[in-house]
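> Could you have a look at this structure, given as structure tokens, before my questions?
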Amino acid sequence: MRFSLFPLFSLLIFACVESGGGSAMAAEVSEDHSSLNATSPMEAQKDSLIPENADTAVFAGGCFWCLEAVFEKLDGVYEVTSGYSGGSKETADYKTVCSGKTNHAEAVQIIYDPEQISYEELLEVFWHVHDPTTLNRQGNDIGTQYRSAIFYLNEAQKEAAEKSMREVATEIWEDPIVTQIVPFEAFYPAEDYHQDYFERVGDGNPYCTYVISPKVQKFKKMFKGKLKE
């Protein structure tokens, strides 16, 4: 959804972008980031009491609010966490990441049941719900923290991602795909107020109303057979 379609709210969106991106319209960041720890997929599963057969995917595609709002609705997905990947623990806080100088990408960690939904199906959704052809940008969210990236956890995921980019993404998008396919190193959960943001705030935030909501509605129509009941 292009911001130009909503001239009455362009000032609000512009202010949001100038302050560091779509999710900059959230509450002020706490200075205490001691709870931010890098988590491996297995640690996330243990903490959440998720079955051992669960698998993990880590994607980045613009504001993490958008990706979280989509993936958490898929049948077979146990948990989606918004956070930061690609940088170090020391700078894994929202205020610093928004500077665009930490090498983090806003990302989501998806814990899912591979017997209900495959990694390839998650990739298909990924290609549809963001624009993988714009370098370091999604709409008016601009900066390296908004880059498109797949953080693969093993060789099987790497091969699946590369194949999906060749065979699926190129069928959806005419322009060249700029998505990074890079090895997973660490995932740092974002501050608590970022988690389940769209579900909690919804129309209380113009960014949710005019950016995330249309994206979610389009996703629901396109993948209605894969949604949770």
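Every read-out reported here was derived from the displayed coordinates using simple, explicitly stated rules and does not represent laboratory data. Since we're looking at a predicted model, the values are computed, not measured. Methodologically, a virtual Cβ is constructed for each residue, glycine included, from the backbone with ideal geometry; neighbour enumeration extends over all protein chains shown.
> Which lysines does Lys218 reach when only Cα atoms under 21 Å apart count, and residues fewer than 8 places away in its own chain are ignored?
Those lysines meeting the cut-off are Lys73, Lys226, Lys228.
> Among the trypsin sites (Lys or Arg not before Pro) within the range 46-137, which fall in a DSSP loop and have no more than 16 other Cβ atoms within 10 Å of their own Cβ?
Values: sites: Lys46, Lys73, Lys89, Lys95, Lys101, Arg137; in loops: Lys73, Lys101.
Listed in order of number, the matching sites are Lys101.
> Once you place label points 7 Å from the Cα toward the Cβ at Glu155 and Glu52, how far apart are they in nm?
2.5 nm
> Additional query: Using the Cα gyration tensor of the range 82-125, with a ≥ b ≥ c the square roots of its eigenvalues, what is the shape: rounded (a/c below 1.5), prolate (a/b larger than b/c) or oblate (neither)?
Details: a/c = 3.83, a/b = 2.91, b/c = 1.32.
Since a/c reaches 1.5 and a/b is larger than b/c, the shape of the range 82-125 is classed as prolate.
> Between the range 101-165 and the range 62-92, what is the separation of their alpha carbon centroids in Å?
The range 101-165 and the range 62-92 have Cα centres separated by 10 Å.
> When only Cα pairs under 8 Å and 6 or more residues apart are kept, what is the percent relative contact order across the range 36-224? Let's see the in-between values first.
Details: 345 pairs, mean separation 55.8, N = 189.
Over the range 36-224, the number comes to 30 percent.
> If you don't mind, there's one more thing I want to ask. GluC sites (Glu not before Pro), restricted to the range 59-141: which are DSSP loop and have at most 12 other Cβ atoms within 10 Å?
Listed in order of number, the matching sites are Glu115.
> Cα gyration tensor of the range 45-134, axes a ≥ b ≥ c as square roots of the eigenvalues: rounded (a/c below 1.5), prolate (a/b > b/c) or oblate?
Details: a/c = 2.48, a/b = 1.42, b/c = 1.74.
Oblate, since a/c reaches 1.5 and b/c is not below a/b.
> Can I ask one more? Which of the three applies to the range 36-224, rounded, prolate or oblate, going by the alpha-carbon gyration tensor with a ≥ b ≥ c and a/c under 1.5 meaning rounded?
On the way: a/c = 1.12, a/b = 1.00, b/c = 1.11.
Because its axes are fairly even, with a/c under 1.5, the range 36-224 counts as rounded.
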